[in-house]
1. State all residues of the stretch 205-238 that are in contact with a Phe, Trp or Tyr (Cβ under 7 Å, 6 or more places away or on another chain) and either farther than 21 Å from Ile255 by Cβ or among the aliphatic types (A, V, I, L, M) (or both); if no residue qualifies, say none.
2. Just to be sure, is Gly139 buried (at least 18 other Cβ atoms within 10 Å of the Cβ) and touching a residue at least 24 places away in the same chain (Cβ under 8 Å)?
3. Taking into account only those residues within the stretch 103-142 that are of a type in the set (S, T, N, Q) and at pLDDT 95 or above, which is nearest to Val12 (Cα to Cα)?
4. Do we have any residue at all in the stretch 225-234 that's of a type in the set (A, V, I, L, M), assigned to a helix (DSSP H, G or I) and touching a helix residue (DSSP H, G or I) at 6+ places or on another chain (Cβ under 9 Å)?
5. Do any residues in the stretch 95-118 that are among the small types (Gly, Ala, Ser) have Cβ atoms under 8 Å from those of residues that are part of a helix (DSSP H, G or I), where the two are at least six apart or on different chains, and which pairs are they?
6. Report whether or not Ile304 is under 22 Å from Glu106 (Cβ atoms) and part of a loop (DSSP other than H, G, I, E, B).
7. Being within 30 Å of Thr97 (Cβ to Cβ) and among the acidic types (Asp, Glu) is the filter here, so list the residues in the stretch 179-217 that pass it.
8. Can you tell me which of Leu193, Leu158, Leu166, Leu197 is at pLDDT below 90, farther than 24 Å from Val269 by Cβ and either within 11 Å of the chain's Cα centre (by Cα) or surrounded by 22 or more Cβ atoms within 10 Å (Cβ to Cβ) (or both)?
Amino acid sequence: MLWKGRRQSDNVQDARGEGGGGMGLPGGFGRGGRLPMGPRVSTRGGGLSGIILLVILFFALRACGIDPMQILSGGDGSAPSGGQVTQGGAPANDEMTQFVRTVLAETEDTWNGIFQAEGLKYEEPKLVLFSGQVSSACGYASAASGPFYCPNDRRVYLDTSFFHQLDRQFGAAGDFAQAYVIAHEVGHHVQNLTGILPKFNQMRQQMSEVDANEMSMRVELQADCFAGVWGYYTDQKGILEKGDVEEALNAAQQIGDDTLQKRMQGYVVPESFNHGTSEQRQRWFARGLQSGKLSECDTFNNPI
């Protein structure tokens, strides 16, 4: 991925060095239903030009120690302040920070353009880099939660040690695989702005856990498709290199529910899936990447 020398976003806060160490399975991105549920937030008309009728958010907050009742009551905990010292004393503008800032800037360019074409204004999210643990408006989370998006403060949270885990533990190396992680979480922000995530808060109390898990997959697969749409416009700029798409598809393969369950426990429990199988995640990412159209990302009115 030819990211060096491109515009870097100012919407990154560096809170590394404020928490402890430790890594875990990906959360809002790859595993375990850790995307917190937030208050009603929507843009004009509640969505983008008629592509979404039914919307759902992740389910299992308990897995990352976040109290759903606190979130549903509209708690307004603050996001961490932007520290200037990173873990291990690395400079705040190290190469990883520059990479994250650049990828976030590319998502800003893409989604600003898409929203403008729909007559809407895109509200750019903040991205918080942390190490080990972090306090967000959706509660306290550790690195075990993995990358996640908090709709309460409209921030993406990322412990960059997850990128090392993605490479070493999951066998998904490469800068575009890492960019896919960020683009997926930004996809959740788009869902929040368009009313997708808030809708779930109205519906989840009437849903069984199995039903919520099934619909959570639709939200996750749509975020994968949105990441693919971003990849389409990024490729149009000539930024992608040979092998980049394969890196992202491999990442989607490695963090599918079925693949992770087989790796961890030797068998799969399909009714517990809440992100999608490896095949589904690859297919929906590729669908957005090949078309560049939001209309192709309607996971709620099409078979997944």
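The values are calculated or read from the model by the stated rules, or taken from the named source; none is laboratory data. A quick note: this is a predicted structure, and the numbers were derived from the prediction, not measured. Methodologically, a virtual Cβ is constructed for each residue, glycine included, from the backbone with ideal geometry; neighbour enumeration extends over all protein chains shown.
1. Answer for the stretch 205-238, where residues must be in contact with a Phe, Trp or Tyr (Cβ under 7 Å, 6 or more places away or on another chain) and either farther than 21 Å from Ile255 by Cβ or among the aliphatic types (A, V, I, L, M) (or both): Glu209, Ala212, Met217, Val219, Leu221, Ala227.
2. Values: buried (at least 18 other Cβ atoms within 10 Å of the Cβ): yes; touching a residue at least 24 places away in the same chain (Cβ under 8 Å): yes.
Criteria met by Gly139.
3. Initial filter on the stretch 103-142 (of a type in the set (S, T, N, Q)): 107, 110, 112, 116, 131, 133, 135-136, 142.
Right, trim to at pLDDT 95 or above and you get 107, 110, 112, 116.
Details: Thr107: 13, Thr110: 17, Asn112: 17, Gln116: 23 Å.
Filtering first and then ranking leaves Thr107.
4. Kept after step one, since they are of a type in the set (A, V, I, L, M), are these residues of the stretch 225-234: 227, 229.
Adding the requirement that they be assigned to a helix (DSSP H, G or I) leaves 227, 229.
When the remaining residues are screened for being touching a helix residue (DSSP H, G or I) at 6+ places or on another chain (Cβ under 9 Å), the result is 227, 229.
Yes; the residues of the stretch 225-234 include at least one that is of a type in the set (A, V, I, L, M), assigned to a helix (DSSP H, G or I) and touching a helix residue (DSSP H, G or I) at 6+ places or on another chain (Cβ under 9 Å).
5. Pairs that qualify, where the first residue is among the small types (Gly, Ala, Ser) and the partner is part of a helix (DSSP H, G or I), are Gly113/Tyr233.
6. Numbers: under 22 Å from Glu106 (Cβ atoms): no; part of a loop (DSSP other than H, G, I, E, B): yes.
It is false that Ile304 is under 22 Å from Glu106 (Cβ atoms) and part of a loop (DSSP other than H, G, I, E, B).
7. Taking the stretch 179-217 first, the residues within 30 Å of Thr97 (Cβ to Cβ) are 179-194, 196-197.
Of everything in the stretch 179-217, just one residue is within 30 Å of Thr97 (Cβ to Cβ) and among the acidic types (Asp, Glu), namely Glu185.
8. On the way: Leu193 fails: at pLDDT below 90; Leu158 fails: at pLDDT below 90; Leu166 fails: farther than 24 Å from Val269 by Cβ.
Matching residue, one of Leu193, Leu158, Leu166, Leu197: Leu197.
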